[in-house]
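The values are calculated or read from the model by the stated rules, or taken from the named source; none is laboratory data. In this text, all values refer to a predicted model and were calculated from it rather than measured experimentally. Because the Cβ atoms are built from the backbone with ideal geometry, glycine has one as well, and the counts that use them run over all protein chains shown.
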Amino acid sequence: MGKDPLSEEEIAAKLAALPGWVREGDTITRTFGIRYHGGVAMIVNIADVQRLIGHHADIDLRWGHVRFAITTHDVGHLLTAADFDLASRIDRIAAAHQAQPHNP
């Protein structure tokens with residue numbers, strides 16, 4: 001997946017296609033509600049995918065929820081197509097683990 005920085009228009013379009021993801025500067029984030037041990041299992045599945053695609057999210061596991069933050073570190077912490085591809089993969093894995101949208 002491409003690691004060239006996206007334009008503001010491309011970012012807006014990709015965000016619109018990924019409900020639940022929020023832009024915070026040059027990072028996209030999403031939090032899922034899930035029991036702690038379920039969150040651990042979900043993270044293991046996501047980590048396997050991240051290893052295979054060579055791109056990773058920053059993950060914050062807390063009691064009752066997991067937060068993901070994605071940016072492309074090796075292009076100066078900018079948003080790329082790889083970030084949105086990973087977000088989409090995280091969404092599919094989270095759904096398989098029955099994680100719920102979380103609004104703090």
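With the structure loaded, tell me whether Asp91 is in a helix (DSSP H, G or I) and modelled with pLDDT of 95 or more or whether it fails that test. Yes: the conditions hold for Asp91.
When only residues in segment 22-52 that are out of contact with any strand residue (DSSP E or B) (no Cβ under 9 Å at 6 or more places or on another chain) and of a type in the set (A, V, I, L, M, F, W, C) count, which is farthest from Ala95 (Cα to Cα)? Residue satisfying both the conditions and the ranking: Leu52. The lone criterion from (1) touching a residue at least 24 places away in the same chain (Cβ under 8 Å); (2) touching a His at 6+ places or on another chain (Cβ under 9 Å) left unmet by Leu6 is number (2). If you go through segment 63-98 and keep only what is in contact (Cβ under 8 Å) with a residue 12 or more places away in the chain and among the charged types (D, E, K, R), you end up with Arg67, Asp74, Asp83, Asp85, Arg89, Asp91.
Can you pull out every residue in segment 44-81 that is hydrophobic (A, V, I, L, M, F, W, C), surrounded by 20 or more Cβ atoms within 10 Å (Cβ to Cβ) and not in a loop (DSSP other than H, G, I, E, B)? Steps first, answer last, please.
Step one: of segment 44-81, the residues hydrophobic (A, V, I, L, M, F, W, C) are 44, 46-47, 49, 52-53, 57, 59, 61, 63, 66, 68-70, 75, 78-79, 81.
So of that shortlist, the ones also surrounded by 20 or more Cβ atoms within 10 Å (Cβ to Cβ) come out as 46, 57, 66, 68, 70, 79.
Ile46, Val66, Phe68, Ile70 - these are the residues of segment 44-81 that are hydrophobic (A, V, I, L, M, F, W, C), surrounded by 20 or more Cβ atoms within 10 Å (Cβ to Cβ) and not in a loop (DSSP other than H, G, I, E, B).
Looking at the structure I just gave you, is Trp21 of a type in the set (A, V, I, L, M, F, W, C), touching a helix residue (DSSP H, G or I) at 6+ places or on another chain (Cβ under 7 Å) and loosely packed, with under 12 Cβ neighbours inside 10 Å? No: the conditions fail for Trp21. Residues being touching an Asp or Glu at 6+ places or on another chain (Cβ under 8 Å), at pLDDT below 95 and either farther than 21 Å from Asn103 by Cα or part of a strand (DSSP E or B) (or both) are represented in segment 3-22 by at least one member. Taking first residues from segment 27-53 that are charged (D, E, K, R) and partners that are in a strand (DSSP E or B), the Cβ contacts under 9 Å between residues at least 6 apart in sequence or on separate chains come to Arg30/Val22; Arg30/Arg67; Arg30/Phe68; Arg30/Ala69; Arg30/Ile70; Arg30/Pro101.
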